[in-house]
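Participant: If you scroll down you'll find the structure; I have some questions about it.
The values are calculated or read from the model by the stated rules, or taken from the named source; none is laboratory data. Quick caveat: nothing in here was measured; it's all calculated off a predicted structure. No Cβ is skipped: glycine too gets one built from the backbone with ideal geometry, and neighbour counts run over all protein chains shown.
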């Protein structure tokens with residue numbers, strides 16, 4: 001079995017109530033499997049993690065920020081998963097961006113994102129812990145609670 005090594009950058013977009021914006025989607029190879037996740041994705045060639053996080057934030061939710069507004073990553077994590085019949089090992093950096101609120105705009109998504117991301121919602125740490133839905137990363141409630 002071949003595992004694709006991948007670097008990614010993700011954004012914890014947090015509102016004044018401390019809730020994180022999560023996206024809802026799934027895997028085209030598993031049409032009955034869905035989960036919630038933070039905005040973000042893989043780095044393009046030559047991109048820094050902050051550049052990728054800013055690009056993905058614009059593509060997935062329509063919010064344009066400069067990479068410098070994201071600062072330094074607040075958390076680094078390695079995860080393994082399967083998506084569209086491919087196994088990945090993904091090292092990912094998480095950035096935090098606090099916003100007074102945001103109206104999500106999906107119009108900038110690429111074709112793969114359009115096919116796999118179907119909804120969004122603001123979640124508190126308590127709501128995440130109380131939910132029976134799949135929400136990634138599983139460490140998200142603790143991460144939200146320790147943000148400054």
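Participant: Here is a check on your reading of the model: is residue 95 modelled with pLDDT of 95 or more, crowded, with 17+ Cβ neighbours inside 10 Å and not in a loop (DSSP other than H, G, I, E, B)?
Facilitator: Criteria met by residue 95.
Participant: Among the residues of segment 51-58, is there at least one that is more than 23 Å from residue 141 (Cα to Cα), at pLDDT below 95, more than 13 Å from the chain's Cα centre (by Cα) and not in a loop (DSSP other than H, G, I, E, B)?
Facilitator: No.
Participant: Further question: Please find, within segment 117-138, the residue that is surrounded by the fewest Cβ atoms within 10 Å (Cβ to Cβ) out of those that are under 13 Å from the mean Cα position of the chain (by Cα) and not in a strand (DSSP E or B).
Facilitator: 138
Participant: Another question about this same structure. Anything in segment 42-67 that is in contact with a strand residue (DSSP E or B) (Cβ under 6 Å, 6 or more places away or on another chain) and closer than 19 Å to residue 25 by Cα? List them, or say none.
Facilitator: Answer for segment 42-67, where residues must be in contact with a strand residue (DSSP E or B) (Cβ under 6 Å, 6 or more places away or on another chain) and closer than 19 Å to residue 25 by Cα: 42, 53, 56, 57.
Participant: Please go through segment 132-148 and give me each residue that is touching a residue at least 24 places away in the same chain (Cβ under 8 Å) and farther than 14 Å from residue 14 by Cα, ordered by number.
Facilitator: 133, 134, 135, 136, 137, 139
Participant: In segment 23-50, how many residues are in contact (Cβ under 8 Å) with a residue 60 or more places away in the chain, within 13 Å of the chain's Cα centre (by Cα) and not in a strand (DSSP E or B)?
Facilitator: 1
Participant: Could you tell me how many of the residues in segment 64-79 are without any contact (Cβ under 8 Å) to a residue 60 or more places away in the chain, in a strand (DSSP E or B) and under 15 Å from residue 14 (Cβ atoms)?
Facilitator: 0
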